[in-house]
Each structure stands twice: as structure tokens, then as C-alpha cells.
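In what follows, a single structure is set out as C-alpha cells and then discussed.
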Amino acid sequence: MITSKQRAYLRGLANGIPAIMQIGKGGIGENLIKTVSDALEARELIKLTVLENSMETPKDMANELAEATSADVVGVVGRKIILYRESVNNKRIEL
């Protein structure tokens, strides 16, 4: 679990990174969870976009993805989701 100060710091770092994935009407499946988990291991901090044709809200998807990948939800801004998980092998961000 990250503190509010750590969350604010990570949100600031996330401003400079592009969204690397989009979630559409297919929703969250096993392939998406594996891809997000791999991306979190490689980058620690990722941003995703939830498309308009998605059946769930971005906040629900963020919580579901965070639970499935053991990550923390840094924030949900509009249709963007920011996730963080400390990497085992590729530690880049010092909290």
C-alpha cells in the first residue's frame, strides 16, 4: 500500500508518460492481465486508456486490474488509469 505523498509523487511522474494500452469493449481478460503485469514488471508505473465503448467505468476497471496484478491504483483521471507496482528485477522508481 502506498501513502498519499507517494501517490502524489507517482501521479506527477505519470504526467510525462504516454498511455501504453487501451481497454475496449472486450474488457479485462486473462491476456490483458498478463500484459499489464508484464508491463508493470518492466516499467513499474504505467498508464492505460479506457475507450468509450467499454462496458465498465474506468474506476471499476482500475480496481479490478490492481487486484488481479497486485498493483496499486495511483489515480483515475477521466478515462486514464495509472497503476504502480514495485518491480522485482527492474527497480527504477525510489519511493
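Before moving on, here are some points about what is shown:
- Amide H contacts of M21 (H built 1.01 Å from N, in plane; Pro and chain starts excluded): T49 sit under 5 Å, all sequence-distant by 5 or more or on other chains.
- Placing unit charges on the Cβ atoms only, positive for Lys and Arg and negative for Asp and Glu, gives the chain a dipole magnitude near 380 debye about its Cα centre.
- Summed residue charge, Cβ within 14 Å of S4's Cβ, Lys/Arg positive, Asp/Glu negative: +2
- Net +/- balance of residues flanking E41 in space, Cβ distance below 14 Å, scoring K and R +1, D and E -1: +2
- GNM result for the chain, Cα springs below 10 Å: residue of K47, K59, K25 fluctuating most strongly: K25
- Short-range pairs are left out: with C-alpha atoms under 8 Å and at least six residues apart, the relative contact order of the chain is 33 percent.
- Projecting the Cα atoms of P58, A8, A71 onto the charge dipole of the range 4-84, computed from C-beta unit charges around the Cα centre, puts A8 farthest toward the positive end.
- ³J(HN,Hα), Karplus 6.51/-1.76/1.60, whole Hz, each residue of the range 74-91, x for Gly, Pro: 7, x, 10, 10, x, 9, 9, 10, 10, 10, 9, 8, 5, 7, 7, 9, 10, 5
- Taking amide hydrogens as placed 1.01 Å from N in the peptide plane, the amide H of V77 sits under 5 Å from those of I82, each at least 5 positions away in sequence or on another chain.
Throughout, read-outs are computed from the coordinates displayed, never taken from laboratory work. The structure displayed is predicted, hence computed values, not measured ones. Methodologically, a virtual Cβ is constructed for each residue, glycine included, from the backbone with ideal geometry; neighbour enumeration extends over all protein chains shown.
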